[in-house]
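Notes follow once the structure below has been shown.
Any read-out appearing in this document is the output of simple, stated calculations on the displayed coordinates, not a laboratory observation. Remember, it's a predicted structure, so these values are computed and weren't measured experimentally. So basically every Cβ, Gly included, is an ideal-geometry build from the backbone, and we count neighbours across all protein chains shown.
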Amino acid sequence: MTETVAQRDSLSERTVSIARQVLAGERGGLRAYLAFAGPAVIASIAYMDPGNFATNIQAGAKYGYSLLWVVLAANLIAMLFQALSAKLGIVTGRNLAEMCREHFPRPVVWAMWVVSEIAAMATDLAEFLGGAIGLSLLFHMPLFAGMAVTAMITYGVLMFEGVGFRPIELIIGGMVSIIALCYVVELFMAPVDWASAAMHTVLPQIPDAEALLLSVGIIGATVMPHAVYLHSGLTQARMPVHNNSERRKVLRFSNREVTIALVVAGLVNMAMVMMASGAFHAGHPDVAEIETAYHTLTPLLGIGAAGVFLLSLIASGISSSTVGTMAGQMIMQGFIRFRIPILIRRLVTMLPAFIVVALGANATSSLVISQVVLSIALPLPMISLLIFTSRRDIMGEFVNSRLTFVAALVGTTVVVLLNVFLILQTFGVSIPGLSAGA
């Protein structure tokens, strides 16, 4: 066991050593640059979690390709804010939660922490349930048994966090690859109307009030509060930098990684919608649950397509639940300087999922609702990140440019307005231009 730990520690140390050589101009090439890859890959799993499966299946089945533009817009917003989060960690050596604690009044800090913890639980509800649903369907086991297996696997993966950053980056990276490959296969199996998909990717349209609710869910499932917090924590101490010249180089590598990782995540999300549209929209528009999607896929596209779908769901649930627990630890430590054992953290965050199942609530509906909760919690970290990265006294020469500031402000405004519309709709206030329902 000692030898294994030493080997894994040396893997992280070798990664840092190679990166230092690149920064010093002593090494180049693609393999050397891969030493900087990892944080955005881990953060990207939040954009391919089971909450995305739930909202994207509903969007594709009921509205065809009409909401693809929402997926694209959400991914562009996510790309910008993940890049800003990574920049904050690299430049300041602090994560977003720590910056909030240091610069905001104490009552605001406590309120943000409570909201962030609620969002973390909503996140884990979606991720944990998704993995459990996949396991229960694939191996024909009770959902509670699937939840227990998911808990054990995610806890096992989390143990790697204690032996260096590189092993867990590689594990999560492998699961991202599995999810992406599964959806490449699905697109070849499903009858996709590529021309219609391309048109609706760039043509904004909200068919009705229910589509608005689903759009907010897509935003919540794509731009994740815990991922915005987490990315700054993953970059703050991963690669020690000694001067602004090195910071600029690390930032360039970080921005490239964010772009690649989030493009992959965005394509996977769009593939989910296109698969659901091609498979279900024409004859099964009422498909709104992961379980129903699986059982419907089997006669439509064959057992192979259904199996690939479940494999991607399991990989998504396990990896995103692992990352969600990591984020929860970092958020708690950053806001209130308190850390609890990872096992207790894992038990606390998965408790709502067991309660939902014990009460007999619909699992997929719970996933979609959890994504709406996330979208409502999202403006807080977005606004905080925009404030900090736009302050020259904090960022120095790395302060946001005017273009970046405007783009981030527009992204934040879009999210806030969507949430206002959602709240108005929830309280029965009519929204001009939208029908009352589907």
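For residue 409 and residue 291, FRET efficiency with R0 = 30 Å and r from the beta-carbon atoms, rounded to 0.05? It would help to have the intermediate numbers written out before the result.
On the way: r = 41 Å, r/R0 = 1.36.
The formula returns an efficiency of 0.15 here.
Roughly how many nanometres apart are two label points built 7 Å out from the Cα toward the Cβ at residue 24 and residue 387?
If labels sit at residue 24 and residue 387, their model points lie 4.1 nm apart.
Can you check what the net charge comes to around residue 64, using other residues whose Cβ is under 15 Å from the Cβ of residue 64 (Lys, Arg +1; Asp, Glu -1)? Mind dumping the intermediate values first?
On the way: positive: 62; negative: 193, 208, 210, 286.
With Lys, Arg at +1 and Asp, Glu at -1, the net is -3.
Taking neighbour Cβ counts within 10 Å as the exposure measure, how do 81, 354 sort from fewest upward?
On the way: 81 26, 354 18.
In increasing order of surrounding Cβ atoms, one gets 354, 81.
Using DSSP H assignments, which helices in the chain have an axial alpha-carbon span of 27 Å or above and a mean Kyte-Doolittle hydropathy of 1.6 or higher?
Numbers: long enough: 2-23 (32 Å, -0.33); 68-92 (36 Å, 1.78); 106-139 (49 Å, 1.27); 165-189 (37 Å, 1.77); 244-276 (47 Å, 0.50); 303-336 (49 Å, 1.35); 402-426 (36 Å, 1.88).
Once both thresholds are applied, what remains is 68-92, 165-189, 402-426.
Give me the distance in nm between label points sitting 7 Å out from Cα along the Cα-to-Cβ direction at residue 110 and residue 34, one decimal.
Distance between label points: 4.9 nm.
Where does the Debye-calculated log10 I(q)/I(0) of region 37-426 sit at q = 0.09, 0.12, 0.15 Å⁻¹, using only Cα point scatterers of equal weight, no solvent?
Results for region 37-426 at q = 0.09, 0.12, 0.15 Å⁻¹ read -0.47, -0.86, -1.36.
Looking at 64, 81, 33, which one has the Cα that reaches farthest to the positive end of the dipole of the chain (charges on Cβ: Lys, Arg +1; Asp, Glu -1)?
After comparing all options, I get 33.
Which order, highest average first, do 190-199, 327-336 follow once you tally other Cβ atoms within 10 Å for each residue and take the mean per peptide? Intermediate values should be presented prior to the final figure.
Working: 190-199: 14.7, 327-336: 22.3.
With the highest mean Cβ count within 10 Å placed first, the list reads 327-336, 190-199.
Between 37, 122, 145, where does the largest GNM mean-square fluctuation fall for the chain, given springs only between Cα atoms within less than 10 Å?
Among 37, 122, 145, the largest GNM mean-square fluctuation belongs to 145.
May I ask you to compute the full-extension gain from residue 199 to residue 145, defined as 0.36 nm times their residue separation minus their alpha-carbon distance, rounded to one decimal in nm?
Numbers: separation 54, 0.36 × 54 = 19.44 nm, distance 4.31 nm.
Fully extending the segment from residue 199 to residue 145 adds 15.1 nm.
What whole-number distance in Å separates the alpha-carbon centres of region 230-275 and region 296-329?
Between the Cα centre of region 230-275 and that of region 296-329, the gap is 23 Å.
Taking only Cα atoms and a 10 Å spring cutoff, compute GNM fluctuations for the chain and point out the largest among 284, 295, 103.
103
Counting only helical runs of four or more DSSP H residues, what would the 222 nm mean residue ellipticity of the chain come to if each run contributes -39,500 (n - 2.57) and the total is spread over all its residues?
On the way: 20 runs with 339 residues, N = 438.
Rounded to the nearest 500, it is -26000 deg cm²/dmol.
Let me spell out the model: positive unit charges on the Cβ of Lys and Arg, negative unit charges on the Cβ of Asp and Glu, origin at the Cα centre of the chain. What dipole size does that give, in debye rounded to 20? Could you put the intermediate results ahead of the total?
Values: 24 positive and 23 negative charges, 300 e Å.
Using Cβ point charges on Lys, Arg, Asp and Glu, the chain gives about 1440 debye.
Which order do the peptides 233-240, 169-176 take when ranked by the mean count of other beta-carbon atoms within 10 Å per residue, highest first?
On the way: 233-240: 21.2, 169-176: 19.2.
Packing proxy ranking, top to bottom: 233-240, 169-176.
When a/c reaches 1.5 or more, the comparison of a/b and b/c decides; with that in mind, is region 66-133 rounded, prolate or oblate per its Cα gyration tensor? Don't jump to the answer; show the numbers that get you there.
Numbers: a/c = 2.19, a/b = 1.32, b/c = 1.66.
Here region 66-133 falls in the oblate category.
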